[in-house]
């Protein structure tokens, strides 16, 4: 099994928090929240309530929640909404605009880039081994980290299935050091939201979090919420199929319809799309065959290995290569040519998308005096955004290379005795192993189920494509598609994050009212409905409707409710100059939605000179007044 270089970070660690490159606008954030389904909203509002408690100076227990679910259930969608709203609310507790209160991270570069997130190893200065017992961070690096994360309230870890117990222990240790907690509170009392799917492949090294650790079990502090509803609009039939395969026990026969659907994709057609295999040997054979067929003018680039001279103490180029170079992701031998498909095999620049797993095509090799080792390799990545920052600094003059990014040799420690290796961080990528493509999503792929040897492997391979039409299967066999039964047992034993509550029902013996300052009812009606649809309310009061006496009310109706409106211009009759000025100002206004068939009357109360609407609910004998006092309303007149 090959190493996953994202989880193998260089020995010299410096705290590096990669700031998110895009911050959602208010309108985009609200649109994102509107799109959440019932379960997603329940999680969202529970996290939001925790944030509000923090902002109000309360001290709620830190959150420890695991958000899981299969393909197309909207895990990333929910996390983006939580990150947006939590960041918006908790930023009021920060001293500076750039202080980080919510941090989204992932264990791999490709996952971090796709989410505009930070890599957890670089962010928290966690080395490649993360061996126990815990090694505290030195004062210099700790001070740097503390300066960046002292205001951190929520840490979000995506792709949690790729994190083992040791890495989680280091996350706990780093946060305790940053927050300087005097006790052993998990994660320095920072809330942690873990996101992922344990039915995917476990960590390459170390034990998955759902298994019992040797030492302290930090994972036992987490509760679980599973997203089950398919929200992926494109090819929901495929998403439902994948979710059945995801939890299929080895002893459970597959549905005949599922077998037929998968066999339909065993087309036998030849495709140049990414090929996914179970073993390194299969990948190597396929890549070399393609290289020989498509790029006969290829060059073989041998890594430059260095050792310490015992006499001089200096590094010297050695003949040949290190016998064992387990500490590096750089290949010993690399075959390259124009038009060769390649993949980055280490994180070069996460913020620029130059991450382990980024795929592209070689467009040019630039040589100097050494005709066997290029100076630079130019790669046109499939995602045109990858490498855009580097291209601005190092643009290529040739027309055919305008969208190509310069990739330079990297130097890594290769042996435990300090031996180094210098090589291009590339591998041929007409084909990849299943382990290599976890976290990758493509439009087309050819998946071979031959030699699949582990639970979850087939599911991960088949779920890399966005739609069934983009999938070609080879060597289909039902028996290799199964999960590890211990996963379901472990997940079932976790406490639920959401406590099942009986749904509120509107009955004739209860009266419930909800108040929202909407700041433009026409624009935010969908948000109001989203917030209230599950509450079964008798009345919904709104302030700052921004409606006028001339506004049409057709666009602000809610099904099942009657709307009563009192715009600002009709609320003031006084000759007081301050109130006359207020009367002519835009915005303001109040309104009330009463459930249909509610026996109520809107009372005409003259000369209040308040933005006010009064409703008498006859059956309940309740007098309900909706009042909005503008900030500029004179205190002396507000009685």
State the Cα centre-to-centre distance between region 309-374 and region 26-90 in whole Å.
-> 42 Å
Among 148, 436, rank each residue by its count of other Cβ atoms within 10 Å, from fewest to most, as a rough exposure measure.
-> 148, 436
Nearest 10 degrees, 0 to 90: helix 75-90 Cα axis against the chain principal axis | 60 degrees
What is region 382-457's relative contact order, in percent, from Cα pairs under 8 angstrom and six or more apart in sequence?
-> 17 percent
If contacts are Cα pairs under 8 angstrom and at least 6 residues apart, what is the relative contact order of the chain in percent?
-> 12 percent
Protection proxy ranking of 139-147, 48-56 - average other beta-carbon atoms within 10 Å, highest first | 48-56, 139-147
Expressed in nanometres to one decimal, the distance between label points 7 Å along Cα→Cβ at residue 532 and residue 249 is 4.7 nm
Once you have a ≥ b ≥ c as the square roots of the Cα gyration tensor eigenvalues for region 481-639, tell me rounded if a/c is under 1.5, and otherwise prolate or oblate according to whether a/b is larger than b/c.
-> prolate
Give the calculated FRET efficiency between residue 281 and residue 61 to the nearest 0.05, with a Förster radius of 56 Å applied to their Cβ-Cβ distance.
-> 0.65
Rg(Cα) / (2.2 N^0.38 Å) computed for region 541-615, rounded to two decimals | 1.15
Shape call for region 26-227, from the Cα gyration tensor axes a ≥ b ≥ c (a/c under 1.5 means rounded, otherwise prolate when a/b beats b/c, else oblate), comes out oblate
Inter-part gap, Cα centre of region 127-156 to Cα centre of region 157-201, in whole angstrom, is 11 Å
For helix 236-246, what angle does its Cα long axis make with the longest principal axis of the chain, in degrees from 0 to 90 and rounded to 10?
-> 60 degrees
Label-point separation, residue 551 to residue 141 (7 Å along Cα→Cβ), nm | 5.7 nm
Using mean Cβ contacts within 10 Å as the protection proxy, how do 526-535, 371-380, 279-288 order, highest first?
-> 371-380, 279-288, 526-535
Added length on full extension, which subtracts the Cα-Cα distance from 0.36 nm per residue, residue 294 to residue 625 = 111.4 nm
Only helices counted: for the chain, with every DSSP H run of 4 or more residues adding -39500 (n - 2.57) and the sum spread over all residues, [θ] at 222 nm is -7000 deg cm²/dmol
Taking 0.36 nm per intervening residue step and subtracting the Cα-Cα distance, what contour gain separates residue 204 from residue 388 on full extension?
-> 63.1 nm
Set the Förster distance to 51 Å, then compute FRET efficiency between residue 574 and residue 500 from the Cβ-Cβ distance, nearest 0.05.
-> 0.45
Between residue 229 and residue 618, what FRET efficiency comes out of the Förster formula 1/(1 + (r/R0)^6) with R0 = 35 Å and r the beta carbon distance, rounded to 0.05?
-> 0.30
Separation of alpha-carbon centers, region 243-275 and region 384-454, rounded to whole Å | 29 Å
What do you get when you divide the Cα radius of gyration of region 139-199 by 2.2 N^0.38 Å, with N the number of residues?
-> 1.17
Contour excess over end-to-end distance, with Cα ends at residue 221 and residue 333 and 0.36 nm allotted per residue = 35.8 nm
Three-way shape call for region 275-434 based on the alpha-carbon gyration tensor, with the a/c threshold at 1.5 | prolate
Rank-order 583-594, 309-320, 209-220 by packing density, defined as the average count of other C-beta atoms within 10 Å over each peptide's residues, highest first.
-> 583-594, 209-220, 309-320
For each of 238, 476, count neighbouring Cβ atoms within 10 Å of the residue's Cβ, then give the residues from fewest to most.
-> 476, 238
Could you state the angle between the C-alpha long axis of helix 521-532 and the longest principal axis of the C-alpha atoms of the chain, as a value from 0 to 90 degrees rounded to the nearest 10?
-> 80 degrees
Starting with the fewest neighbours, write out 84, 134 ranked by other beta-carbon atoms found within 10 Å of each beta-carbon.
-> 134, 84
What does a probe at residue 397 reach in region 347-378, counting residues whose amide N is under 19 Å from the point 7 Å along Cα→Cβ?
-> 363-369, 375-378
Label corresponding to P(r) over Cα pairs in 10 Å bins from 0, in percent when calculated from the structure given, among (1) 2, 9, 11, 12, 12, 11, 11, 9, 7, 5, 3, 2, 2, 1, 1, 0, 0, 0, 0; (2) 3, 12, 17, 17, 14, 10, 7, 5, 4, 3, 2, 2, 2, 1, 0, 0, 0; (3) 3, 13, 21, 22, 17, 12, 7, 4, 2, 0 = (3)
Modelled label-to-label distance, residue 38 and residue 310, 7 Å Cα→beta-carbon offset: nm?
-> 7.3 nm
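Read-outs: derived from the displayed coordinates by stated rules, not from any lab. Just so we're clear, the structure is a prediction, and the values are computed from it rather than from any experiment. A quick note on method: Cβ atoms are made from the backbone with ideal geometry, for glycine too, and the neighbour counts reach across all protein chains shown.
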